[in-house]
Amino acid sequence: AGESRQCAVNPMARLSSLRHNGRMPFVTYLPGATPLVLDSPHSGTDYPDDFGTVCERALLRRAEDTHVEKLYAFVSALGAAWIEAHFPRSYLDANRDTTEVDVAMLDAPWPGPVATDPAVLSKVRLGKGLIWRCTDDGAPLYDRKLRVAEVQARIDTCWRPYHAAVAEAIDAAHARHGFSIHLNCHSMPAVAASHATDYPGLVHADFVVGNRDDTTSSPALARLVYEHLRGLGYTVEYNHPYKGVELVRRHGRPAEHRHSIQLEINRKLYMDESSLAVHDGFAALQAHLRSLVDRLLRTDPRRL
């Protein structure tokens, strides 16, 4: 895991540092010059000192989208914007909305709005809301109630700057080119665990392309990604079992030429899921991802 550190007290005041390729606590934002924006919200390994979890680090590390940031290490050199979370998703899940709070975990009433959408609530019940209650295998993260103030601090110091960086990158890309393509980058276990999704035990394909049932990108653009990966010999699913969550929902507005797609990669393709070490498949997969990024950089969704 990366070194532990405290989140900044007021990271929003330091957002300007992100515009100069600087790394602020828990977020890296490397601006681009093309229409393409990529982000990795779940590959963070910097565990904060104030986590207060009782869960073993080895179990928490299995929640990470381990090495995703390494798989896409080439994108900045190609002119695409890159945003990366360094805080772990088990501490705060940047791909959830701030309303996705499990109020039963708190020591006092939550002062903000709470989600009521049944689809959202199913994830909260699994323990996978904004703040995780348990690991994918059901191991509890806490033996205490969380203070409302500490959850609010995690939102202010981690969630808000991450979302601000993604929004800024997409807005800049759209302003420059009249359209933007946002690829939300993830990895998934080879087999779904008991508390990970609504499909425990599901054997995953090599890739899952998600655009929330064609609402966050044009169907043609999502199919381009789908067919490109299939053409490379991979098995690919479309919007199952992962449709995309908050980051594509928030930023994908295809009618405005703002396209967001979530891309899940099966970890077996590039790493040992027990040791977390990359294996010989990493280089070939990275080369194929580069070919996908190259294809997207040559694509204008308005002409598909």
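The values are calculated or read from the model by the stated rules, or taken from the named source; none is laboratory data. Predicted model, so just to flag it, every value in this text is computed and none were measured. Every residue, glycine as well, gets a Cβ built from its backbone with ideal geometry; the counts of neighbours run over all protein chains shown. Quick note on the areas: whole protein, heavy atoms, side chains included, nothing else; ligands and nucleic acids left out. Shrake-Rupley method; radii C 1.70, N 1.55, O 1.52, S 1.80 Å.
How high is the relative contact order of the chain? Use alpha-carbon pairs under 8 Å, at least six apart in sequence, and give a whole percent.
Answer for the chain is 19 percent.
Most mobile of Thr45, Thr53, Thr216 per a Gaussian network model of the chain (Cα springs, under 10 Å)?
Result: Thr53 has the largest fluctuation of those listed.
With a bin width of 5 angstrom, please list the P(r) values of the stretch 91-228 as percents of all Cα-Cα pairs, from the 0 bin to the one holding the largest distance.
So the P(r) values, bin by bin, are 2, 8, 14, 17, 19, 16, 12, 7, 3, 1.
Run the accessible area of the chain with a 1.4 Å probe and give the carbon-and-sulfur part as a rounded percent.
Of the solvent-accessible surface of the chain, carbon and sulfur hold 52 percent.
On a 0 to 90° scale, report how tilted helix 281-297 is relative to the longest principal axis of the chain, with both axes built from alpha carbons and the result rounded to the nearest 10.
Result, in degrees: 60.
Could you work out the percent of alpha carbon pairs in the chain separated by over 26 Å, rounded to a whole number?
Summing the P(r) tail past 26 Å for the chain gives 42 percent.
In straight Cα distance, which aspartates and glutamates are under 13 Å from Lys123, not counting same-chain residues fewer than 8 positions off?
Within the straight-line cut-off, Lys123 pairs with Asp93, Asp97, Glu100, Asp102, Asp136, Asp198, Glu246.
Counting only helical runs of four or more DSSP H residues, what would the 222 nm mean residue ellipticity of the chain come to if each run contributes -39,500 (n - 2.57) and the total is spread over all its residues?
-7500 deg cm²/dmol
Could you give the spread of the C-alpha atoms of the stretch 14-157 along their three principal axes, from largest to smallest, in whole angstroms?
45, 32, 30
Less than 15 Å apart at the alpha-carbon level, and either on another chain or at least 8 residues along: which aspartates and glutamates does that give for Lys268?
Within reach: Glu64, Asp65, Asp206, Asp280.
Given just the C-alpha atoms of the stretch 194-304, how large is their convex hull per residue in cubic angstrom?
Output value, Cα hull per residue: 109 Å³.
Which residues in the stretch 121-138 place their backbone N less than 19 Å from a point set 7 Å from the Cα of Val103 along the Cα-to-Cβ direction?
121-133
Accessible area per residue, 1.4 Å probe, Å², for the chain: what's the number?
Heavy-atom SASA per residue in the chain reads 40 Å².
May I ask what percent, to the nearest 5, of DSSP beta bridges between residues of the chain are antiparallel?
Looking only at bridges with both residues in the chain, the antiparallel portion is about 40 percent.
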